[in-house]
Amino acid sequence: MPSEPRSWGKICLGTRLEKQVEADFVLTWTGLLLSGLRKGDAVRTERGKVAHVSANSIIRAFLTDTNCDALLFLDSDAEVEPNFISQLRDYQPGWAYDALQAFHVRRNNPSEAIWYTRDGDGLIQCLVINEGVMDVGLIGTHAAIFRREVFTGIYEAYGKGIDFEDFQWFCYPRHQRKSDEATLSLEAGDLGFRLGATTDIRAGHISKAALGWTEYQEFLAKTHARERAKYYTQLAGLVAEFTGEERQAVEAKAMLGSKNVLDGWDKHQPKDAEQVRAFYGARDNGYLYDLLAWNWSDPYWQILQPLRKVEGMRVLVIGAGLGSEAEVLADKNQVDVFELPGTLKEFCKSRLDERVNFLDGDRLEQGNGLHQYDLIVAIDTIEHVHPDELDGFLDAVALSLAPGGSLYAHNNFGQEDLYPMHFDHAERFKTWLEKNGMENVSGYEYRKTQVPERV
């Protein structure tokens, strides 16, 4: 057991899905997958089993299938911010503990804090008044992180004569009024592991509320929940048809989010611009599944909304991905699509058929079919361009914009731990905008509003 504070290292995120998972948790989970994981992290889920059986299955998978240093449990009725994993990971006061719980309250009234101290062989619920981190006697699975040594230590101490596949870390003692979480916590405490809880990092508890029909319709409209759910099912079906998999298998991979492309990037290890372009065309790069998770998310739909109003324009979509932007624009506009040769381009062609025109080549440059466009769309594209090819790429964009034309660009210049294929072009993109006299006129739209400087 550690004697000095240390970081949590690589984290495995695990959840045991209830029979009916609240829509709010889907948003929470998607946010964590898109924004919370770092290179080397892992994800494990269980469903269709009793809660404590699912928890034990996740622990076994964590210990045998990953090389992560800590397991972060999140119950499927938890609500946290997308940066929750980073909050917990980088919270140095928590490094002194072997398990640390985020602050949360009961799901129903009264809203008591789940915060217990140890009293001999029992536990006493506390009224939390002081803020900060402190020792506790109980660690739950709602939103808590455990070091690997906690589980290996308990198995070594209490698993003699029990097959590893049958051992239970979470279990209910016969004829005792103790929870499965209490059993694990008390055994960990007896072995000298230090358990803590903090008010500085907080997790919500999703609770059902009585809503009228009007309010419910407003909720569905505001979040585009009905349209997104229908769209997700259809798009997952298209991906499954393209790959030859079952739709459920595709959806399960999509739940892993960025891990799909992290594994693909680690497998290919591209070194130069040509190899980077080849990676995006590879069948096993993981992007079909990562983009499926992104394309149905609420943030993506908010980015997409302005494009639904565009009509009567000549449009170029760069980095079409799964083809969602091109599909939105195709009915009322003349659309060209540039996507690198390979899997994503093949999928887009199978999805969009003859509704758009696909440009040839593996570089965006004059002479490969580019025209003068009223609108150029590049959503989460520019950060993927290799630095050696960025200037040529941006010059082609500038030359392809018709007078008065707009660039609609959402950039993610960051998250290199989550997406090591992202290049931080923030300063170069800013310089290019200034050089070409382009200003941000609204949202993600950039337009020439002044004469560009002469060079």
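Among rounded, prolate and oblate, which fits the range 257-403 when a ≥ b ≥ c are the square roots of the eigenvalues of its C-alpha gyration tensor, a/c under 1.5 means rounded, and a/b larger than b/c means prolate? Oblate, since a/c reaches 1.5 and b/c is not below a/b.
Label-to-label distance, Thr223 versus Asp395, with points set 7 angstrom from Cα along the beta-carbon direction: 4.8 nm. Model label sites at Asn130 and Lys309, defined 7 Å from Cα along the beta-carbon direction, differ in position by 5.5 nm.
Using 0.36 nm per residue, how much length does the chain from Asn357 to Glu439 gain when fully extended, once their Cα-Cα distance is taken away?
Numbers: separation 82, 0.36 × 82 = 29.52 nm, distance 2.88 nm.
Contour length minus Cα-Cα distance gives 26.6 nm.
Less than 5 angstrom separates the built amide H of Arg44 from those of Leu13, Gly14, Thr15, all sequence-distant by 5 or more or on a different chain.
Can you say what percent of the DSSP beta bridges in the chain, counting only those with both residues inside, are antiparallel? Round to 5. Roughly 45 percent of the DSSP beta bridges within the chain come out antiparallel.
For the chain, Cys126, Cys171, Cys348 have no disulfide-compatible partner, since no other Cys C-beta lies under 4.7 Å from theirs.
No value in this document is a laboratory result; all are computed from the given coordinates. This structure is a prediction, so every number in the text was calculated from the model and none was measured. Note: ideal-geometry Cβ built from the backbone for every residue, glycine included; neighbour counts use all protein chains shown.
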